[in-house]
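Where a number appears in this text, it was derived from the coordinates with a stated rule and is not lab data. As the structure is a prediction and not an experimental result, all values here were calculated from the model. Every residue, glycine among them, receives a Cβ derived from its backbone with ideal geometry; neighbour counts consider all protein chains shown.
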Amino acid sequence: MTKPFLMEPYKIKSTEPLYFTTREYRKKVLEKAHLNLFLIPARDVMIDLLTDSGTGAMSQAQWSALLRGDESYAGAESFFRFESTIQKITGMPHIIPTHQGRSAERILLGALKTRGEYLLSNTLFDTTRANAGLLGFKVLDLPSEEMKDTKSEYPFKGNIHLEKLEQALQTHSVAGVIMTITNNSGGGHPADFENIKAAAELCKKYKAPFILDACRFAENAWFIKTRNKSFQNHSPRDIARKIFDLADMCYVSAKKDGLSHIGGFICLRDNQLFTDCKNRLIPLLGFSTYGGLAGRDLEAIAVGLEEALEEDYLHYRISSTAWFHGELKAASIPVVHPAGGHAVYIDVKKLTPHLSSSDHPAQAFAAGFYGFSGVRSCEIGSVMFGESYSQELVRLAIPRRVYTRSHLNYVIESLTQFQKEVQHLKGIEITWQPEVLRHFTAHFKWKDKTAHTSPA
Ligand code: F0G
């Protein structure tokens, strides 16, 4: 039977209230939060598209698995279920639980510190970049040429630039090459199997560890299935396994394709690195069979990872994002092409030719759009990555199994209206910022108090 387009492959058993607010009220909220959407109480957000991380709805199978949680300090049964699920999916023998993705990064990158000066990547995520910097690594992002053109329909813009990769491997001392699948900071695009394979082969040739940041591994596998003809008859699980087989190690935030609210893990093949990572884990997060998680979290992740590989789930997940993307495109919103898996990205520069990078257009747009609609989005631009970053994107991330089509219709309608006023959008300036990861806590103000997004 053909799959019904866009029918959710689940029913809703439990609900959470959503609070309606007025534009006037949100103006005050925004001012109190110094125009930083991370500083807004979730209670004041109507549709929260800040992130797809840890914000998904768990299934009844996950909620019931929580009760099975074995909370023993060492050797809990929940750990062994978690471990064997991940071993089966990745084929890697050594599994270390961590409290989320960034602690996995910190531990793994710390253990790789002696192996070289540089980390190379298709594009590192912001926390990975921050951890790499704090550990003293130099970082080189080597995204595909196609990624620069936000209008191009190239299906695998998440690829790494292979020529540049080889050049960098020849000239630098490299501690690791990190392939982020899907490429979150670059537009949520997938990397193709052949590109991942070629990158892995280059790593082998130059003896650099090949690492996957695999937090959206199932979504990337689905894109390969649906966009690369050679894989159309393979299951997402099979494709995911073929990708993991290419890597020396991976780290994963279980808050994405683990369909869980917290958690992460590291997978390794190397015995020495396994020992080293465990030694770093214990003083920081806890014993190696819980890594900062409760036994019940390990259970929820084990079930979530399996569910994330189900075809009906992935079909719905990716086609509903594509539908959302298509509707925004039809409303002439300049979205980044093609549709990603976990988010739709708006190319704000195309809407704000009157603003320069020092006006932080994407941050201004995200703040203004919250005030206008109560929808929270996320800046991926000069605030997150610094003034030299060439793109000004606003990401509308879609939590898994949470919002229905009518919620997203509200977002589409609001963006359509907001777009009509956007030529009046004023720039913003930073009034305070911390030393690292400034986008989380920085304070901003409108450059011009008469900005329509800050109505009097
Ligand atoms: N790697 C990637 C590609 C990510 O997208 C994230 C988190 C992490 C690592 C870190 O994982 O949050 O569990 O510590 N991304 C979220 C986002 C926060 O909004 O895209 P974490």
(message) Please report Rg (one decimal) and Dmax (integer) in Å for the Cα set of the chain.
(response) 21.4, 63
(message) Which log10 I(q)/I(0) values does region 91-236 give at q = 0.11, 0.14, 0.15 Å⁻¹ under the Debye formula, counting every alpha carbon as one identical point scatterer?
(response) -0.40, -0.65, -0.75
(request) For the chain, calculate the relative contact order in percent as a whole number, restricting contacts to Cα pairs under 8 Å that are 6 or more residues apart. (result) 22
(request) With a 10 Å radius around each residue's Cβ, average the other Cβ atoms per peptide and rank 403-415, 88-100, highest first. (result) 88-100, 403-415
(request) Just need log10 I(q)/I(0) for region 357-421 at q = 0.12, 0.14, 0.15, 0.16 Å⁻¹, Debye formula, equal scatterers on the alpha-carbon atoms, no solvent, rounded to two decimals. (result) -0.33, -0.45, -0.51, -0.57
(request) Using only Cα atoms, tell me the angle between helix 101-111 and the longest principal axis of the chain; keep it within 0 to 90° and round to the nearest 10. (result) 50
(request) State whether region 1-59 is rounded, prolate or oblate according to the following rule on the C-alpha gyration tensor (a ≥ b ≥ c being the square roots of its eigenvalues): a/c under 1.5 gives rounded; otherwise a/b larger than b/c gives prolate, and the remaining case gives oblate. (result) prolate
(message) Given contacts defined as C-alpha pairs under 8 Å and at least six residues apart, what's the relative contact order of region 38-185, whole-number percent?
(response) 21
(request) Only helical DSSP H runs with n ≥ 4 go in: add -39500 (n - 2.57) per run for the chain, normalise by residue count and round the 222 nm mean residue ellipticity to 500 deg cm²/dmol. (result) -12000 deg cm²/dmol
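Taking the highest mean first, how do the peptides 241-250, 256-265 order by number of other beta carbon atoms within 10 angstrom per residue?
For the peptides 241-250, 256-265, the packing ranking is 256-265, 241-250.
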(request) Would you mind estimating how fast region 124-169 diffuses translationally, via Stokes-Einstein at 25 °C and 0.890 mPa s with the Kirkwood radius over Cα pairs, in µm²/s? (result) 203
(request) Kindly count the pairs of lysines across region 190-267 whose alpha carbons are less than 19 Å apart, treating pairs on different chains or eight or more residues apart as eligible. (result) 8
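Once a ≥ b ≥ c are taken as the square roots of the eigenvalues of the Cα gyration tensor of region 274-358, is the result rounded (a/c under 1.5), prolate (a/b larger than b/c) or oblate (a/b not larger than b/c)? Display every interim value, and only then the final one.
Working: a/c = 4.45, a/b = 1.79, b/c = 2.49.
Oblate shape, in that a/c is at least 1.5 and b/c is the bigger or equal ratio.
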(request) Could you tally the net charge around THR289, taking each other residue with its Cβ under 12 Å from the Cβ of THR289, Lys/Arg +1 and Asp/Glu -1? (result) -2
(request) Give me the aspartates and glutamates in straight-line cross-link reach of LYS113: C-alpha distance below 14 Å, same-chain residues under 8 apart excluded. (result) GLU105, ASP276
(request) Could you state the angle between the C-alpha long axis of helix 23-32 and the longest principal axis of the C-alpha atoms of the chain, as a value from 0 to 90 degrees rounded to the nearest 10? (result) 60
(message) Explain nothing, just the number: relative contact order of region 315-357, from Cα pairs under 8 Å at least 6 residues apart, as a whole percent.
(response) 35
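Could you compute the FRET efficiency for ARG23 and ASN279, with r as their C-beta to C-beta distance and R0 at 56 Å, rounded to 0.05?
In this case the efficiency is close to 0.55.
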